[in-house]
Amino acid sequence: MKLGVLVMGTLIWLLLWGSFDVTGAIMGLALSALVSYAVPPKAGPNLRHVMKKLPKIIGLFFYFLWELLLANLRLAWDAVTPGLDISPSIIALPLEAKTDSEIFLLTMLITLTPGTLSMDVTEDRSHLFVHCAYAGESTIAELKRSLKDGFERRVLEVMR
């Protein structure tokens with residue numbers, strides 16, 4: 001086991017868990033050791049590759065947090081104002097993402113953002129069907145461009 005993998009795994013665990021205490025560090029270290037033991041050395045990306053991608057990973061994380069904040073504010077505003085401004089629509093988003101992991105990460109980020117829901121991927125993996133609760137605020141082309149330039153571009157930068 002490499003020390004760098006254990007340290008990086010522990011830090012990621014602490015960031016994801018949000019608890020910077022001894023118990024969290026021990027759990028992160030144990031989980032990192034288990035994962036590094038279970039995954040063969042040549043199976044995953046090496047630490048140098050991960051460190052090179054780290055700015056892109058951080059960028060994707062903060063972009064997601066920003067989109068999460070905006071979506072929650074939009075839903076909160078809709079909840080406290082009279083009337084209902086929801087104009088739902090289902091769009092077929094053309095995909096550049098092709099691998100299972102790329103499509104999985106993209107669909108999870110879209111689904112975790114309030115107001116959007118990933119519904120299905122076509123069998124040929126060319127399109128992702130997305131339910132958008134606030135589709136009436138912009139055109140379908142603007143929604144597709146927003147998802148492609150926002151989430152998909154950043155996911156592909158991280159995964160490729």
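The values are calculated or read from the model by the stated rules, or taken from the named source; none is laboratory data. It should be emphasised that the depicted structure is a prediction, and the values quoted were computed from it without experimental measurement. Neighbour counts are summed over all protein chains in view; Cβ atoms, including those assigned to glycine, are modelled from backbone coordinates with ideal geometry. Areas reflect the complete protein model, heavy atoms only, side chains present, ligands, DNA and RNA absent. Shrake-Rupley method; radii C 1.70, N 1.55, O 1.52, S 1.80 Å.
Of all residues in region 88-117, those being touching a strand residue (DSSP E or B) at 6+ places or on another chain (Cβ under 6 Å) and polar (S, T, N, Q) number 4. In region 126-160, of all residues being aliphatic (A, V, I, L, M) and within 28 Å of residue 50 (Cα to Cα), the one that is most open to solvent (accessible area, probe 1.4 Å) corresponds to 159.
Quick check on this structure: which one of 71, 92 is outside any loop (DSSP other than H, G, I, E, B), in contact with a Pro (Cβ under 8 Å, 6 or more places away or on another chain) and either aliphatic (A, V, I, L, M) or under 23 Å from residue 155 (Cα atoms) (or both)? Break it down stepwise before answering.
Details: 92 fails: in contact with a Pro (Cβ under 8 Å, 6 or more places away or on another chain).
71 is the lone residue from the list that is outside any loop (DSSP other than H, G, I, E, B), in contact with a Pro (Cβ under 8 Å, 6 or more places away or on another chain) and either aliphatic (A, V, I, L, M) or under 23 Å from residue 155 (Cα atoms) (or both).
Among the conditions (1) part of a helix (DSSP H, G or I); (2) open to solvent by 30 Å² or more (accessible area, probe 1.4 Å), residue 120 misses just one, which is (1).
Number of residues in region 69-85 that are touching a residue at least 24 places away in the same chain (Cβ under 8 Å) and open to solvent by 50 Å² or more (accessible area, probe 1.4 Å) equals 4.
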